[in-house]
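The values are calculated or read from the model by the stated rules, or taken from the named source; none is laboratory data. Since the model is a prediction, treat every value here as computed from it, not as a measurement. Quick reminder, even Gly has a Cβ in these numbers, built from the backbone with ideal geometry, and neighbours come from all protein chains shown. Heads up: the accessible areas ignore ligands, DNA and RNA and are worked out on the full protein's heavy atoms, side chains in. Shrake-Rupley method; radii C 1.70, N 1.55, O 1.52, S 1.80 Å.
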Amino acid sequence: MADRVTVIGWDGSPLTAAATAALSAATLVAGAAHHLALPEVPANAERIRLGSIDLAARRIAGHRGSAVVLADGDPGFFGVVRNLRAPEHGLEVEVVPAVSSVAAAFARAGMPWEDARTVVAHPRTLRRAVNVCRAHHKVAVLTSPGAGPAELALLLEGVHRTFVICEELGTSREQVSVVTSEKAADHVWRDPNVVIVIGGGPEPQATGAWIAGGLPASLHDVRGWALPTEAYAGADTGAATESGEGGSSGLRAAQLARLGPRTGDLLWDIGSGSGALAVEAARFGAAVLAVDSDPAACARTAAAARAFGVQLQVVEGLAPHVLERLPEPDVVRIGGGGVPVVTAVTERRPERIVTHASTRDEAEALGAALSGNGYTVRCSLLQSVELDTEAWSERERSVVFLLSALRSDLAP
């Protein structure tokens, strides 16, 4: 078994004394082709071209001598350290870090990055990485072949962003380009690269920031969720009430609880009304497409998003036809449109769907459409009574059928 395994981060800078000493004593060196070509790699050391980290770890575990693994940037940040430390390999790992590629990319761009989200884009995670770019103002994307700047741009169609693309950081071929997302798809980019995705309005001010990856509490960061209707009504538009049937905060709370929108998800809010549910889903970190056929409702939703400082995309159009050109959803809230809209949504196979009905007959029809198209359906009758706490008299009563559907292949 290897006496020790030293993982050395490489960012293009001269190797540190500790890294040079570990390399000079190495009898096995693993890394990418440009790592194995470094002059510090001993000529007589066994060399492994890194592909599968687990396969390399098994070879290292069976090696008698000193092993070194070279990796770009900080190997403990979305790097090889996690795989090498897996219990099944039984390796003792020592790390000599370097500047991470994300830190280097933001340094080249001259930008702060404590408020940035960082995601890894592989072909299997590309769509979720794009959803984070939809939902947040500043995102660093660690790309991979098949999930690079061009692919990001194609999936962001209709959403304007600025790309800062940093190719081959730390090498003599390093290049930093600033392009719009619309133009990024028209170019072939060199690997490895990091993409900083910026946009969706002016950069939020992180004054007093204390936690990385998001902004601290601000005027926009209102505590709580399923806020009262008045919190959304008329933001910048003069509208007085939340539009759309079944728009109470109690129903909205139940719908959000059933959907569970989270970072990396794309939520469709069909019949967005005031934008209350769309905004609250965005506050949970989900990417949101708010759909409504009423231009006034679209304006209310956009105004509510501005008022609460969240990113979302408003789509004006009549469902179900407008849904055909939208990207694939993870969760969907249907605020109206009946069976035709429900059927169209089930064809796109989101994980979860919620909708509501005002009568039992309508609820049965919607439930049949959901279950008939491969969903497991629950229905609850929700009744809420708003009281005037001065006189303790009834102010408003709401009765609605809530239907929630889980794709049958995911149901317990």
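Does ARG108 qualify as being over 30 Å from LEU267 (Cβ atoms), touching a residue at least 12 places away in the same chain (Cβ under 8 Å), open to solvent by 70 Å² or more (accessible area, probe 1.4 Å) and not acidic (Asp, Glu)? Yes: the conditions hold for ARG108. Looking across the range 36-45, the residues that are loosely packed, with under 15 Cβ neighbours inside 10 Å and closer than 13 Å to ALA26 by Cα come down to ALA43, ASN44. The C-beta contact set for the range 251-274 (first residue free of Cβ contacts under 8 Å to residues at least 12 places away in the same chain, second residue open to solvent by 10 Å² or more (accessible area, probe 1.4 Å), distance under 8 angstrom, 6+ apart or interchain) is empty.
The criterion of at least 1 residues that are open to solvent by 30 Å² or more (accessible area, probe 1.4 Å), closer than 25 Å to VAL139 by Cα and at pLDDT 95 or above is met by the following strands (runs of 3 or more DSSP E) wholly inside the range 236-350: 313-316.
The residue of the range 120-148 that is modelled with the lowest pLDDT, among those that are open to solvent by 20 Å² or more (accessible area, probe 1.4 Å), touching a Ser or Thr at 6+ places or on another chain (Cβ under 9 Å) and over 21 Å from GLY51 (Cα atoms), is HIS136.
Filtered by the rule that a residue be of a type outside the set (A, V, I, L, M, F, W, C) and within 21 Å of THR171 (Cα to Cα), the range 27-41 gives GLY31, HIS34, HIS35, PRO39, GLU40.
On inspection, VAL331 qualifies as over 20 Å from GLU157 (Cβ atoms) and under 27 Å from the mean Cα position of the chain (by Cα). State whether one or more residues within the range 149-167 are open to solvent by 20 Å² or more (accessible area, probe 1.4 Å), modelled with pLDDT under 95, of a type outside the set (Ser, Thr, Tyr) and out of contact with any Asp or Glu (no Cβ under 9 Å at 6 or more places or on another chain). Among the residues of the range 149-167, at least one is open to solvent by 20 Å² or more (accessible area, probe 1.4 Å), modelled with pLDDT under 95, of a type outside the set (Ser, Thr, Tyr) and out of contact with any Asp or Glu (no Cβ under 9 Å at 6 or more places or on another chain), which makes the answer yes.
Residues of the range 51-76 that are open to solvent by 30 Å² or more (accessible area, probe 1.4 Å) and in contact with a Gly (Cβ under 9 Å, 6 or more places away or on another chain): ASP72, ASP74, GLY76. Going by what's in this entry, would ALA17 be described as farther than 26 Å from CYS166 by Cβ, open to solvent by 60 Å² or more (accessible area, probe 1.4 Å) and free of Cβ contacts under 8 Å to residues at least 40 places away in the same chain? Judged against the criteria, ALA17 is a match. For the range 393-402, check the following and say yes or no: at least one residue is modelled with pLDDT under 95 and among the acidic types (Asp, Glu). Yes, the range 393-402 has at least one match.
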